[in-house]
Every structure is written in C-alpha cells, then in structure tokens.
1. Please list, ordered by residue number, the helices (runs of 4 or more DSSP H) wholly in segment 12-113 having 2 or more residues that are within 16 Å of Ala317 (Cβ to Cβ) and either modelled with pLDDT under 95 or out of contact with any His (no Cβ under 7 Å at 6 or more places or on another chain) (or both).
2. Within segment 229-261, which residues are part of a helix (DSSP H, G or I), out of contact with any Cys (no Cβ under 8 Å at 6 or more places or on another chain) and free of Cβ contacts under 8 Å to residues at least 60 places away in the same chain?
3. Using the structure shown, decide if Ser172 is of a type in the set (Gly, Ala, Ser) and outside any helix (DSSP H, G or I).
4. Check Ala133, Ala125 and return the single one that is within 16 Å of the ligand (Cβ to nearest atom), free of Cβ contacts under 8 Å to residues at least 12 places away in the same chain and outside any loop (DSSP other than H, G, I, E, B).
5. Restricting attention to segment 196-211, which residues are surrounded by fewer than 20 Cβ atoms within 10 Å (Cβ to Cβ), more than 18 Å from the chain's Cα centre (by Cα) and modelled with pLDDT of 90 or more?
6. Asp93 - would you say it is within 19 Å of the chain's Cα centre (by Cα) and of a type in the set (Asp, Glu)?
7. Name the pairs whose Cβ atoms lie under 6 Å apart, with the first residue in segment 202-228 and in contact (Cβ under 8 Å) with a residue 40 or more places away in the chain, the second in a helix (DSSP H, G or I) and among the charged types (D, E, K, R), and 6 or more positions between them or separate chains?
8. Which residue, of Asp168, Asp102, Asp136, is in contact with a strand residue (DSSP E or B) (Cβ under 8 Å, 6 or more places away or on another chain), over 22 Å from Trp270 (Cβ atoms), of a type outside the set (Gly, Ala, Ser) and surrounded by 15 or more Cβ atoms within 10 Å (Cβ to Cβ)?
Amino acid sequence: MTTAREPARESVREPAREPAGAARERPPGGRTPPCHLGEAQFQGGPARAYRDLRREHGAVAPVLLDGGLPAWLVLGYRELHYVLSHPEIFAHDPRHWAGWDDVPPDWAALPGVGHRPSVLRAEGAEHRRRYTAIQDVLGAVDLFELRARAEEITDDVIDAFAGRGETDLIDSFAHRVPALVLASLCGPPEVDTAGLVHDLIVLIDDGPDAAESHQRVLDRLRWLLADRREHPDDDIVSRLIAHPAGLADEEVVEDLAVVFGFGARAVAGWIGNSLRLLLTDGSFALDLSGGRRSVMQALNQVLWEDTPMQVVAGRWATRNTQLGGQRIEAGDMIALGLGAGNADPQVRRGHAPDTQTGAGTSANSAHLSFGHGEHRCPYPAQEIAEVVTRTAVEALLDRLPNMWIAVPADALGWRRTAWNRALTALPVRFSPV
Ligand code: HEM
C-alpha cells in the first residue's frame, strides 16, 4: 500500500536570475494593446482567436496570459520550428524570464510555467542525459503487452457505466483510462497503484486540488523509488533507476512525474477530443461500423485541428532578437502556439491534410502537436500515447456501438484555459449492456 506523506508545500517559483525591476511599461509588440489570450480563445474558439491574431500581428503576436502577464504567442509554423530548433536563443529554463517580479504567488499558470528540476526545464548536456534515459526506458515498453493491458483496463472502465445507458465520457472514461494504463507501467498488477491513479485523475481534472495532487504524485513516486531500489522489478521505475545515465533520486522522481502527469493529461485530452469528433462529425459515422481506418483518421485529425496541448509554456529569450517581424527582448516569455501552428494557412495550403474531406489526415503527421527539436515528445512516448488512445477509442466504439451524444454539439463546454483544449464534459447515451 502506498503511504503518501502530507504533501510538502514547496513553491515552484524560483527567483529570477536577473531582477526584473518594476512592472514593464511596454506591452510586447506595441501596435495595439495585446489581447488576453484566454478570453479571445473562449469567445469564439481558439481557431478564430488565432486567425484574428494572425491577421492583426502576423506570425508572432503580443498577448496577455492569465493575470495580465505579457508574452509572445508564436502562431506561425515556420517560426515555431525556428524557436524550437534554437534553444540557445529560446531557452527552456523559466528563470530567464524578466517578468517574475510581476507574478502573484497564486498565479493560475504557475504550475505549468514555473521552474521545476525536471527534464522539461533542463538544458544542454543535463537535458540530453535525462532525455536519453526516459527515451530508453519508454522504448523498452512492449507495445503488444501494453495494448493487451490497455484493452483489459478499458473494458473494466466501460463495465462501470455500461449498464446505466448514459454517462459523461470525460469524467468516467477519458480521464480514467490513461491514468490507469500509465500507472500500470509502474509494475505488476499486484503493486498498489490506486493512490497514484487517484492523484493522476485529480491532476488531469485540473481543478483547485491539482497542485496538491501533483505534490502527492511526487511523494508516491518517492515511495515507489525507495521500494524499487530494494526490490527491482520489470517496470519503468526500476529501469530508470538502473539506467547508465545514473540519475539522482530526485531526477528519477521529477522525470517520472512528467511521464505520468504530463503524459496522462495529454492522452486524456486526445481521447476526449477524438471521441467528440467521432460522435459529432457525421462524415465519420458511416466508416465507424466498417473499419478501423476512420478511428486513426480521427485521432490524427484531432492532432491537426484540436490538439490537447494548444499552447505550451514556453521558452524564454536569452538575448534580443527578431521573430516573425517582432522585436523580442532578452527575458521575454515565448508561448508556443502549437495549435495555431498546425492551422497556419502557409502550411495548410501546401502540405497539411484537408481535414474537411479527411484526405491525408491518417498518414500526415507533420503537425507540431508533439513538439519539435531537442525537447520534443520522446518518440516512444508518442507510440505509447497512440496505443492507449487508439485502444481506448476502438474498445469503446466496439462495446457501445449505438452511442450518441446527449446534448447539441455546440452546447459542449470547453475548459477555461488558454493552454489546453479539453472538454468539461461529453454526455452520451447508449443502449445499456
Ligand atoms: C497526446 C499525447 C501527447 C502529446 C500531444 C504530447 C505532447 C508533448 C509536447 C508538445 C512536448 C514538448 C514540450 C516542449 O517542447 O516544451 C512533450 C514533451 C514530453 N512528453 Fe509528451 N505528449 C503526449 C503524450 C506523452 C506521453 C504518453 C508521455 C509519457 C509516457 C509523454 C512524455 C513526454 C516527456 C517526458 C516530455 C519531455 C521532453 C523534454 O522536455 O525533453 N508524452 N510532449
């Protein structure tokens, strides 16, 4: 049984390397006052917000994040590529930010933006050492076994609501399956991962308890690490401990927290957004009874059109530079508009699939949803994400083939966050089984 200690309330915030001084007077950009990114997205949906911003500012737009904090939103595919390929100019460590003095301690975006000693924020040789270890350990996961386990887990999850004839697929399905499957990478079924699963679900839900549950996830991982040091097994915790990179204990814990927390949340969004597409877009309905191709097509279409991680924080400019015709100053924050980059008309015209007709969506994976460059989502992690998402969606459609959405499609609510694209609920009905 895992025994989580009371979470230690440590701050993710680190002092700025260079004091920022007084709040900045210049809004980044300067042509028109920057718009509040979250509000613009909530009003007409992200696609419209990105289109308006692109029309007004071009490929790089000045925006205000939660709490009115300024950042540059990179909307252009080519510009994103450039930023992600030049870590020496656009660094990963948020301590480069000149804006820390303006950040309130309860800033909603702090958990995603603040510094943590994890692979996500590591740079240079340290990053390469940790990234290689994660890549190797995830690469050793047997995808056939994983698929079989994901099928079993998905079946159990469906059993819990299949007799009721109605459910909310976000709460009862999309949040549960990835938490359960990813936690199962921690060890054989007899290992009690119920606590970890519970905390991952709270984390995915992103409610007021998310920060506490992140602390509990870290505590549970510390417990698992101590256990696996004594009793190594065939699981990712033991393999990360034994990796020749020789990670320190806290490095193992922090990086596993990224794998579980970051991974589970992204997969939950991918499952939810794919189910919405499949249930609301009539063009998929015909194929669904016939074959698997359309599920993969829907999954890929979501990564182009409705990617779960719309905006990733971030990068921080290490020196003055130009980007997309804007003047970026050292210490500015760069928010990566991955969802906007995927919709960039410059690439959509030439290479991207036609998501109206579906042509090319299943094969073309040149989207930026998994990032790019040295911090891109490790390839084995992408494979794991696809196995879990595809297995979950296919198993659900197999078990409940006559499922329909219980509210008008345009009444579905989205989470009020600029960073993620995730439904608050997806109510469905079906014949009880
Ligand atoms: C739909 C599913 C997923 C999406 C869309 C996604 C997307 C991303 C993106 C955009 C990044 C780059 C962040 C940046 O450049 O700052 C990233 C990094 C990462 N992802 Fe994923 N991810 C997914 C699933 C997963 C899963 C299932 C795992 C683990 C099993 C995982 C593990 C990681 C790790 C460890 C990193 C950090 C890489 C680094 O900073 O060097 N991801 N992911």
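The values are calculated or read from the model by the stated rules, or taken from the named source; none is laboratory data. All of these numbers come straight from a predicted model, not from anything done at the bench. Using ideal geometry, Cβ is built from the backbone for each residue, glycine included, and neighbour counts are taken over all protein chains shown.
1. Values: elements: 37-44, 46-57, 77-85, 110-113.
Here the list reads 77-85.
2. Step one: list which residues in segment 229-261 are part of a helix (DSSP H, G or I), which gives 229-230, 236-242, 249-261.
Imposing the further condition that a residue be out of contact with any Cys (no Cβ under 8 Å at 6 or more places or on another chain) reduces the set to 229-230, 238-242, 249-261.
The answer is Arg229, Glu230, Ser238, Ile241, Ala242, Asp249, Val252, Val253, Leu256.
3. Numbers: of a type in the set (Gly, Ala, Ser): yes; outside any helix (DSSP H, G or I): no.
Criteria not met by Ser172.
4. Details: Ala133 fails: free of Cβ contacts under 8 Å to residues at least 12 places away in the same chain.
Going through Ala133, Ala125 in turn, just one is within 16 Å of the ligand (Cβ to nearest atom), free of Cβ contacts under 8 Å to residues at least 12 places away in the same chain and outside any loop (DSSP other than H, G, I, E, B): Ala125.
5. His198
6. Values: within 19 Å of the chain's Cα centre (by Cα): yes; of a type in the set (Asp, Glu): yes.
Spelling it out, Asp93 is indeed within 19 Å of the chain's Cα centre (by Cα) and of a type in the set (Asp, Glu).
7. Listed pairs, sorted by first residue: Ile204/Arg265; Arg216/Asp199; Val217/Asp199.
8. Numbers: Asp168 fails: over 22 Å from Trp270 (Cβ atoms); Asp136 fails: in contact with a strand residue (DSSP E or B) (Cβ under 8 Å, 6 or more places away or on another chain).
Selected residue: Asp102, the only one of Asp168, Asp102, Asp136 that is in contact with a strand residue (DSSP E or B) (Cβ under 8 Å, 6 or more places away or on another chain), over 22 Å from Trp270 (Cβ atoms), of a type outside the set (Gly, Ala, Ser) and surrounded by 15 or more Cβ atoms within 10 Å (Cβ to Cβ).
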